[in-house]
Amino acid sequence: MAYIITDACIYCGACEPECPVDAISPGDGKYVIDASKCIDCGACANVCPVDAPQPE
Ligand code: SF4
Ligand code: SF4
C-alpha cells in the first residue's frame, strides 16, 4: 500500500516537508509520491488543503 496524489493537487508544496521518508517530490503539474518509499503514514493527507493524497 501507498498513498497517491490525485489531480486535485494545487502544487502548494505543503506535504513535501511533512513526509518522514522523503517520498514526496514535485512532479509534472502535481506533486508525486514514490510508492517504493511511502510507509502509509497519512501525514501528507493531514496537511493537504485539498485532500489530494489518497490511500491507493
Ligand atoms: Fe510520506 Fe506518509 Fe504521505 Fe506516504 S503517507 S507519502 S510516507 S507522508
Ligand atoms: Fe498537492 Fe496537497 Fe501536497 Fe499541496 S499538500 S502539494 S495540494 S498534495
Subject >> Residues of region 47-56 that turn out to be open to solvent by 60 Å² or more (accessible area, probe 1.4 Å) and either near ligand 2 (Cβ under 10 Å from one of its atoms) or out of contact with any Asp or Glu (no Cβ under 8 Å at 6 or more places or on another chain) (or both), as a count >> reply: 4
Subject >> Subset tally (residues that are touching a helix residue (DSSP H, G or I) at 6+ places or on another chain (Cβ under 9 Å) and within 8 Å of ligand 1 (Cβ to nearest atom)) for region 42-54 >> reply: 3
Subject >> Residue satisfying all of: in region 7-36; over 9 Å from the mean Cα position of the chain (by Cα) and β-branched (Val, Ile, Thr); farthest from ligand 1 (Cβ to nearest atom) among these >> reply: ILE10
Original post:
Out of the residues in region 21-46 that are within 8 Å of ligand 2 (Cβ to nearest atom) and surrounded by 15 or more Cβ atoms within 10 Å (Cβ to Cβ), which is farthest from ALA8 (Cα to Cα)?
Top reply: ILE24
Original post:
Which numbered condition trips up GLU16, out of (1) open to solvent by 70 Å² or more (accessible area, probe 1.4 Å); (2) in contact (Cβ under 8 Å) with a residue 12 or more places away in the chain?
Top reply: (1)
Subject >> Residues that are within 8 Å of ligand 2 (Cβ to nearest atom) and acidic (Asp, Glu), drawn from region 1-17 >> reply: GLU16
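The values are calculated or read from the model by the stated rules, or taken from the named source; none is laboratory data. Please read all numbers here as calculations on a predicted model, not as lab measurements. Cβ sites come from the backbone with ideal geometry, for glycine too, and all protein chains shown count toward neighbours. All accessible areas refer to the heavy atoms of the entire protein, side chains included, with ligands and DNA or RNA removed. Shrake-Rupley method; radii C 1.70, N 1.55, O 1.52, S 1.80 Å.
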